[in-house]
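Trainee: Sharing a structure with you now.
The values are calculated or read from the model by the stated rules, or taken from the named source; none is laboratory data. Since the model is a prediction, treat every value here as computed from it, not as a measurement. Quick reminder, even Gly has a Cβ in these numbers, built from the backbone with ideal geometry, and neighbours come from all protein chains shown.
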Amino acid sequence: MECSNIIDEAIAQSYPDKKDLILNHLHCRWFMYLISQKNPNIELVKANFEAIQNPNHISNTFRHYNDKEKIFQALTEQKELLCTSEDSITKFDELIRRYKPDSTTP
């Protein structure tokens, strides 16, 4: 996570007006990548989940991740680890809504 903190700081300094949006997208991407791994690093998964400030601001190209079923399954497997507060439950529920492999989900 040390490298992540360095990257976060560089983004904050280089793009102060857009840092929140950029960092939100970055940590969401890292989170999705990490939970889709065969043996995810739980500490990194949790740290990146906590760094996602607004799951509603996931870029459109990323929302249509190719393997929604894999992401959905990984999310549900990590629910107890990730849902530690009301805010984290809300964030988790929004990610589940976005990645549920259901053709009726917008």
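Trainee: Can you list residue pairs whose Cβ atoms sit under 7 Å apart, with the first residue in the range 1-13 being under 16 Å from Trp30 (Cα atoms) and the second being in a helix (DSSP H, G or I) and among the hydrophobic types (A, V, I, L, M, F, W, C)? Count only pairs 6 or more apart in sequence or on different chains.
Mentor: Met1/Leu44; Met1/Ala47; Asp8/Leu23; Ile11/Ile22; Ile11/Leu23
Trainee: Residues that are buried (at least 16 other Cβ atoms within 10 Å of the Cβ), of a type in the set (S, T, N, Q) and either out of contact with any Cys (no Cβ under 8 Å at 6 or more places or on another chain) or modelled with pLDDT under 90 (or both): does the range 18-39 have at least one?
Mentor: yes
Trainee: Can I ask one more? Taking interchain pairs and intrachain pairs at least six residues apart, which have beta carbon atoms under 7 angstrom, with the first residue in the range 26-43 and touching a residue at least 24 places away in the same chain (Cβ under 8 Å) and the second among the small types (Gly, Ala, Ser)?
Mentor: His27/Ala51; Ile35/Ala74; Ser36/Ala74
Trainee: Among the residues of the range 1-17, count how many are of a type in the set (Gly, Ala, Ser) and either modelled with pLDDT under 90 or under 21 Å from Leu95 (Cβ atoms) (or both). I'd like the intermediate steps shown before the answer.
Mentor: As a first pass, look at the range 1-17 and keep what is of a type in the set (Gly, Ala, Ser): 4, 10, 12, 14.
Restricting the remaining residues to those that are either modelled with pLDDT under 90 or under 21 Å from Leu95 (Cβ atoms) (or both) gives 4.
Residues meeting the conditions: 1.
Trainee: Also, quick follow-up: Any chance the range 58-72 includes a residue that's out of contact with any helix residue (DSSP H, G or I) (no Cβ under 6 Å at 6 or more places or on another chain) and at pLDDT 85 or above?
Mentor: no
Trainee: Another question about this same structure. Please work out which residue is nearest to the chain's Cα centre (by Cα), limiting yourself to the range 1-51 and to residues that are in a helix (DSSP H, G or I) and among the basic types (Lys, Arg).
Mentor: Going residue by residue through the range 1-51, those that are in a helix (DSSP H, G or I) are 2-14, 19-35, 42-51.
Going one step further and asking which of them are among the basic types (Lys, Arg), we end up with 19, 29, 46.
On the way: Lys19: 16, Arg29: 6, Lys46: 9 Å.
Among them, the one singled out is Arg29.
Trainee: Go through Glu94, Glu80 for me and flag whichever is within 11 Å of the chain's Cα centre (by Cα), at pLDDT 80 or above and assigned to a helix (DSSP H, G or I).
Mentor: Numbers: Glu80 fails: within 11 Å of the chain's Cα centre (by Cα).
When all the criteria are applied, what remains is Glu94.
Trainee: Among the residues of the range 1-17, which ones are small (Gly, Ala, Ser) and surrounded by 12 or more Cβ atoms within 10 Å (Cβ to Cβ)? Please lay out each step first, then the result.
Mentor: Residues of the range 1-17 small (Gly, Ala, Ser): 4, 10, 12, 14.
Once the filter is applied, which keeps residues that are small (Gly, Ala, Ser) and surrounded by 12 or more Cβ atoms within 10 Å (Cβ to Cβ), the range 1-17 yields Ser4, Ala12.
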